[in-house]
Amino acid sequence: MKIDWLKPLLGHTGPFVTLHLDATPSEQAAERDVEGRWNSARKALGQQGAPAAVLDAIEEVVLRPTRVPGPHGRVVIADQSGVLVDRVVSSPPSATTSSWAAVPALLQAALAADESVELLKVAVDRQGADFVRAGAAGKVHSTFQGPHDEIEKSGSNGVKRARIESRAEDSWDRNADAVAAEIERLVGETRAELVLLTGDKRALALVRGALDSATAEKTIEVSGGGRGSGVHEGAFAERVGEALDSYRERRRERVLAELRRELGREGNAVTSVDDVVAVLARGQVKELVLAEEYGTGNAPMNGRKLWIGPDPIHIAAYRSDLEALGVTERLEELPASVALVRAAVGQDAGLTFAPEGSADLMDGVAATLRWRDDGTPTEALASMSGDDRRLH
């Protein structure tokens, strides 16, 4: 899962408000409206000591409509400088949670966002396409019209008919090329993880065939959608939901399969808090993997804490380790899970939560690596010794 949306938090020392709110529109919510839910959260945050100015800044954001239909949630993180993170998540919380604390509730926020997918939904016909960009910022709709409008075949006979049909098919091809180019542009602009393609069967095949290989790999087809009338919205939405569920599971399993494989062959992966700290400090981490219970607050790493410095790559088990590197200012001790996620954000690593039994994680934490060298911690000695701490 991408966690670069947490980058605005880097460099801020807090304290922070972390809010996870049901943002479902009032006409579709079982209880209260968004304003009512926020007012309850605001009262609780005020009792925790959150300043009115911070709460006013959050209120301005959370009362702004997301324009996302159906049930969904919202994660907001703010400090005295204002709102730093505002992310729409696909599932609303069962109950609003809020905290005013020295550190943001990063794991809970990340777990809430774990189900989110940066999606580009494209409905095509022979004239163009309708786009819906859906993700952390809500939904953005746009329309693209192909450059060629000679799309109808004539009922005329003979040479004239053949000529008109040829021009129509040429228009379909050219419009498909133009739509494909627009899809590629939007994927690059929005960093979409998944492209969902639907619509006219002939146009759909032409558009997909015109995509470059990188975009085609991100593209799936879902039947039942389209640009015109006659679309059964309920049935189509159900198919989209199934496609997204399948994608989320594949996304998680890709990471966990790589982790299991690399740990098994002493490759590009490590496990245990100490080893993960070591590779984070060297900028090696591709994906940080945490046991799913960390995101629910039920696995506090036995109260373990780590030291950080001003740069996200400054992370160590002991203050003296950072001081030995010449880092002597703005040192701070944080809960281990928060420090690990902060370091991962700083080096553009991803974050995956591992369900129980899906991977063998020492201390409930592991990482896949971009590269390995002689300085990378190894698992072999520790696994032979049975020691509960990795040897370096």
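The values are calculated or read from the model by the stated rules, or taken from the named source; none is laboratory data. Predicted model, so just to flag it, every value in this text is computed and none were measured. Cβ coordinates were reconstructed from backbone atoms using ideal geometry, including for glycine residues, and neighbour counts include every protein chain displayed.
Values computed for the structure shown
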quantity: Those strands (runs of 3 or more DSSP E) lying entirely in the stretch 310-392 with at least 2 residues at pLDDT 90 or above and surrounded by 13 or more Cβ atoms within 10 Å (Cβ to Cβ); calculated: 350-354, 365-369
quantity: Residue within the stretch 63-70 that is buried (at least 19 other Cβ atoms within 10 Å of the Cβ) and not β-branched (Val, Ile, Thr) present; calculated: no
quantity: Residues located in the stretch 89-131, provided they are among the aliphatic types (A, V, I, L, M) and either at positive phi or in contact with a His (Cβ under 6 Å, 6 or more places away or on another chain) (or both); calculated: ALA112
quantity: Elements of type strands (runs of 3 or more DSSP E) contained in the stretch 1-107, each with 1 or more residues being among the acidic types (Asp, Glu), outside the structural domain of PRO335 (by TED's automatic domain parsing) and touching a Gly at 6+ places or on another chain (Cβ under 7 Å); calculated: 16-22, 73-79
quantity: Lone unmet requirement of (1) outside any helix (DSSP H, G or I); (2) of a type in the set (S, T, N, Q); (3) under 21 Å from GLN145 (Cα atoms); (4) in contact (Cβ under 8 Å) with a residue 24 or more places away in the chain for SER223; calculated: (3)
quantity: Residues satisfying the stated conditions in the stretch 308-349, i.e. of a type outside the set (Phe, Trp, Tyr) and free of Cβ contacts under 8 Å to residues at least 12 places away in the same chain; calculated: SER320, GLU323, ALA324, LEU325, GLY326, THR328
quantity: Whichever residue in the stretch 112-145 is out of contact with any helix residue (DSSP H, G or I) (no Cβ under 8 Å at 6 or more places or on another chain) and not small (Gly, Ala, Ser) and, among such residues, is modelled with the lowest pLDDT; calculated: LYS139
quantity: Options LEU107, LEU84: the member that is at pLDDT below 85 and closer than 19 Å to GLY14 by Cα; calculated: LEU107
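The rows are residues; the columns are (1) assigned by TED's automatic domain parsing to the domain that holds ASP348; (2) loosely packed, with under 13 Cβ neighbours inside 10 Å; (3) modelled with pLDDT of 85 or more.
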position	(1), (2), (3)
PRO147	no, yes, no
GLU150	no, no, no
SER156	no, yes, no
VAL159	no, yes, no
ILE164	no, no, no
ARG167	no, no, no
ASP177	no, no, yes
VAL187	no, no, yes
